[in-house]
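For reference, the structure is listed below as structure tokens.
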């Protein structure tokens, strides 16, 4: 391939292919999501218990993708980067107020059936020495208030930035640039601070006697990695279609690949840091996280964990060192899809093994089936919202021509 070629596909004027899935995801996602939420809110019995616990995995995975989209949107507006322009609209659509509204609806069964999922919400927790001393924070009113309040704040952040970029597209007023920078920079600090409380209640309290000070950052970096790889896959798979064909160039794909490389290193750093700190501390209440995932080999958690080391770090790290992989859109799409798939497995290892109902081999099989159902339903609902939202603005912001100029002036 010549230096100018970035994809083997011919350039055309059709809209990106991912729009073709808007109708089917809207129907299946809407019906499936609302039906699942209704069943989980009023159901009972073993099947209901397995499904509610499995629902946690899919819910938290797509919550972290949404958080990743918002974090990368805040980052873009703070530093005014050019490499994020092709994926910005996907980030904005994936973290818009409609997505946070969907996640708020999805929280209803967890609020109504908290005691089915969380050990701290059960009556016997009052007599537990450790849990009784955490009751001021681990209780239903705080659980619902903090998480829903956090979602409302995140929706406000996303909506404010989206409205500004839309105004900027229409008016061309450069003051909008500075407004977004002034808004997004402090919001990044507030976002991470509030998210710490949200994830402590929603995810880390699944094992209420365990704690980690790097947990939120660990999950957030994974969410950013998932959001970026998903967006890069969607864009690079449609590199020959408008409007992406106008901006796609080797310099851009290199920047996108480098950002995936950076997040891969950050994920590896936070993962190893948590392991070293907890293992060296050698305290039963903290090392239980890894002890359970290593000692219970009959459940396969150790094999899943080993595969994420290869799939989330080693293979992407080595592959993205190659300039030729990052130079061509079709090759970058493959590694982006690979990373996203292993993000699914990594969150399964983190969240799935934290759910109390997984502690026995008898529960593992049925739970795994319901895990897949919950993840797919949440995925359809998430993409339904994102695809309906992303088409409300130009796929590449009209106010910033840096990428088009860079491609036209390239030699």
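The values are calculated or read from the model by the stated rules, or taken from the named source; none is laboratory data. Everything numeric here is computed off the predicted structure, so don't read it as measured data. Cβ sites come from the backbone with ideal geometry, for glycine too, and all protein chains shown count toward neighbours.
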From the list 280, 246, which residue is within 30 Å of residue 210 (Cα to Cα), surrounded by fewer than 18 Cβ atoms within 10 Å (Cβ to Cβ) and more than 25 Å from the chain's Cα centre (by Cα)? 280
What helices (runs of 4 or more DSSP H) completely inside the stretch 84-199 contain at least 3 residues that are closer than 30 Å to residue 50 by Cβ and under 23 Å from the mean Cα position of the chain (by Cα)? 97-106, 108-112, 140-171
Looking at (1) surrounded by 21 or more Cβ atoms within 10 Å (Cβ to Cβ); (2) at pLDDT 90 or above, which is the only condition residue 289 fails? (2)
Out of the stretch 253-286, which residues are more than 18 Å from residue 307 (Cα to Cα) and free of Cβ contacts under 8 Å to residues at least 24 places away in the same chain? 262, 276, 279, 280, 281, 282, 283, 284
Any idea which of 305, 294, 268 is modelled with pLDDT under 90, part of a helix (DSSP H, G or I) and buried (at least 17 other Cβ atoms within 10 Å of the Cβ)? 305
